[in-house]
1. For the range 35-55, give me each residue that is under 24 Å from residue 88 (Cβ atoms) and either among the small types (Gly, Ala, Ser) or modelled with pLDDT of 95 or more (or both).
2. Quick test of your reading of the structure: residue 191 fulfils all but one of (1) closer than 26 Å to residue 132 by Cβ; (2) open to solvent by 60 Å² or more (accessible area, probe 1.4 Å); (3) within 19 Å of the chain's Cα centre (by Cα). Name the failing condition by number.
3. Filter the range 35-91 down to the residues that are touching a Pro at 6+ places or on another chain (Cβ under 6 Å) and open to solvent by less than 70 Å² (accessible area, probe 1.4 Å) and list them by number.
4. Of the residues 203, 141, which is under 19 Å from residue 19 (Cβ atoms), crowded, with 16+ Cβ neighbours inside 10 Å and modelled with pLDDT of 95 or more?
5. Among the residues of the range 121-132, count how many are open to solvent by less than 60 Å² (accessible area, probe 1.4 Å) and touching a Phe, Trp or Tyr at 6+ places or on another chain (Cβ under 8 Å).
Amino acid sequence: MATVAARSSRARPGALYFPVMTLLLVMLSFLAFADNLITDVGQPSNSDPKMIVHALFSAAWVIAFAVQAWLVYLGRIAAHRRIGQWVFAIAAGMVLSTLYLFIAKFRGFAAMEPEVIANRLLMAVFAACTWLAYQRRNRPDWHKRLLLVGTMALLEPILARLYDPLFGPLLPKVMSETTDMALFLTYLFGVWLAFLGSLALYDRRLIGRVHPATLGGSGAIAACNAAAFLI
């Protein structure tokens with residue numbers, strides 16, 4: 001029976017989308033923070049308890065999310081449901097640890113860069129999407145999209161840390177601060193759009209329209225960034 005379930009799950013159109021996307025998020029996360037893990041383990045943040053707790057919850061979330069997606073792909077639905085409560089507990093821990101980090105580092109909104117303000121707003125998007133996904137855990141179409149788009153809301157710190165290693169060597173050695181920021185924002189929002197666009201394309205292929213969870217989550221991400229960067 002499990003074999004039949006696994007076979008039918010893998011045969012669905014686009015069945016690999018969520019497993020591959022969640023695995024990509026794991027890979028990008030660990031690549032972005034490779035300095036903390038491998039190349040610069042002596043940096044101050046590695047001995048800061050609040051940063052360690054935040055990092056552990058964040059790593060546990062992306063790994064658990066990927067494991068859950070692969071369990072569904074393999075037809076292991078019972079295992080997926082059995083560990084689901086623990087995964088949502090991890091999500092709650094990540095939200096709370098990040099909130100504490102925000103409070104500990106708060107120096108007034110006037111002192112914050114736009115991306116810092118955006119990250120504070122986007123954590124609320126992740127929390128809302130995760131809560132709604134928990135409420136709709138018996139609605140797989142809503143459940144998985146809410147979790148994915150909510151996790152995509154947290155991409156900025158990952159993409160920001162990848163920018164210099166990946167594109168720094170390709171950029172002019174001398175350029176204005178305005179040009180530098182314009183290139184960074186083009187990269188940031190371009191990659192973000194590619195992630196969200198891939199989910200919209202998945203929806204169009206699978207159900208013939210963009211799912212409301214995809215639309216709502218993408219709109220919330222766009223609104224938070226607009227509020228932070230434009231207002």
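The values are calculated or read from the model by the stated rules, or taken from the named source; none is laboratory data. Since we're looking at a predicted model, the values are computed, not measured. As a convention, Cβ positions derive from the backbone with ideal geometry for all residues, glycine included, and neighbour counts pool all protein chains shown. The protein model used for the area step is the full one, side chains on, heavy atoms only, and it has no ligands, DNA or RNA in it. Shrake-Rupley method; radii C 1.70, N 1.55, O 1.52, S 1.80 Å.
1. Residue satisfying the conditions is 55 alone.
2. Unmet condition: (2).
3. So the first thing to find is which residues in the range 35-91 are touching a Pro at 6+ places or on another chain (Cβ under 6 Å), and the list is 69-70, 73.
Answer for the range 35-91, where residues must be touching a Pro at 6+ places or on another chain (Cβ under 6 Å) and open to solvent by less than 70 Å² (accessible area, probe 1.4 Å): 69, 73.
4. Values: 141 fails: crowded, with 16+ Cβ neighbours inside 10 Å.
Matching residue, one of 203, 141: 203.
5. 2
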